[in-house]
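Structure first, then comments.
The values are calculated or read from the model by the stated rules, or taken from the named source; none is laboratory data. Just so we're clear, the structure is a prediction, and the values are computed from it rather than from any experiment. Here Cβ is always computed from backbone atoms with ideal geometry, including for glycine, and neighbour counts include all displayed protein chains. SASA here: full protein model, heavy atoms, side chains in, ligands and nucleic acids out. Shrake-Rupley method; radii C 1.70, N 1.55, O 1.52, S 1.80 Å.
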Amino acid sequence: MRFGALLFDLDGTLVETIHLYGEAMITTFAGYGVEITEEDFLAMYHRGTSIDTLLREYLGQEAEVSEARSIRDTEYIRLLEERSEWLPGALDVLKASQNVPRAIVTKSWQSYVSAIDRKLGLLPHFQTV
């Protein structure tokens, strides 16, 4: 079978970062005196509750939400740069498909993708994101 191109999701396909995102959220909330567990975070995340909703629910005012989002993003990027890892087999698939154009299709922010790239050298494997 011949393919014109291969499209890859990023998180859960090439890398697993949800635990790092959760850690960044837990750290951010703790900075405001709000304790949530990893299980709390995962339950909220899998319900599809938006991050803005979570922040407003737990922290209140809009100014705090904007500040908390910035703190969370800074922490998440740091964690991605330090601890991102390929999922088992991901590099093997990329090596086996190197003659086929490849792209990443993700809803992750560019700053997150860039942080993963700084850790893993992600982008040279793809023609576009």
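The fraction of accessible area contributed by carbon and sulfur in the range 1-75 is 51 percent, rounded to a whole number (1.4 Å probe; ligands and nucleic acids excluded).
If you plug the beta carbon distance of Arg56 and Gln110 into 1/(1 + (r/R0)^6) with R0 = 25 Å, you get a FRET efficiency near 0.50.
Remark: the range 85-94, residue by residue, has Karplus-estimated 3J(HN,Hα) of 9, 5, 6, x, x, 4, 5, 4, 5, 5 Hz, where x stands for each Gly or Pro and the curve is 6.51 cos²θ - 1.76 cosθ + 1.60 at θ = phi - 60°.
Our estimate of slack between Ala96 and Glu38, defined as 0.36 nm per intervening residue step minus the Cα-Cα distance, is 17.3 nm. Considering only Ser114, Leu91, Gly4, the residue lying farthest towards the positive end of the dipole of the chain is Gly4, judged by Cα position with unit charges set on Cβ. Springs between alpha-carbon atoms under 10 Å, Gaussian network over the chain: tell me which of Thr37, Thr74, Thr28 tops the mean-square fluctuations. Per the Cα network of the chain with a 10 Å cutoff, Thr37 tops the list.
GluC sites (Glu not before Pro), restricted to the range 65-129: which are DSSP loop and have at most 15 other Cβ atoms within 10 Å?
Answer by residue number: Glu85.
From helices alone, the chain scores -17500 deg cm²/dmol at 222 nm; the rule is -39500 (n - 2.57) for each run of n ≥ 4 DSSP H residues, then divide by the residue total. Note on Phe3: accessible area is roughly 110 Å² with a 1.4 Å probe, heavy atoms of protein only. Accessible surface calculations at 1.4 Å, restricted to protein heavy atoms, place the chain at 59 Å² per residue. Here Ser70 and Thr128 are evaluated by their C-beta separation; at R0 = 35 Å the FRET efficiency comes out at 0.80. With the highest mean first, a sort of the peptides 11-24, 86-99, 105-118 on other beta-carbon atoms found within 10 angstrom per residue produces 11-24, 105-118, 86-99.
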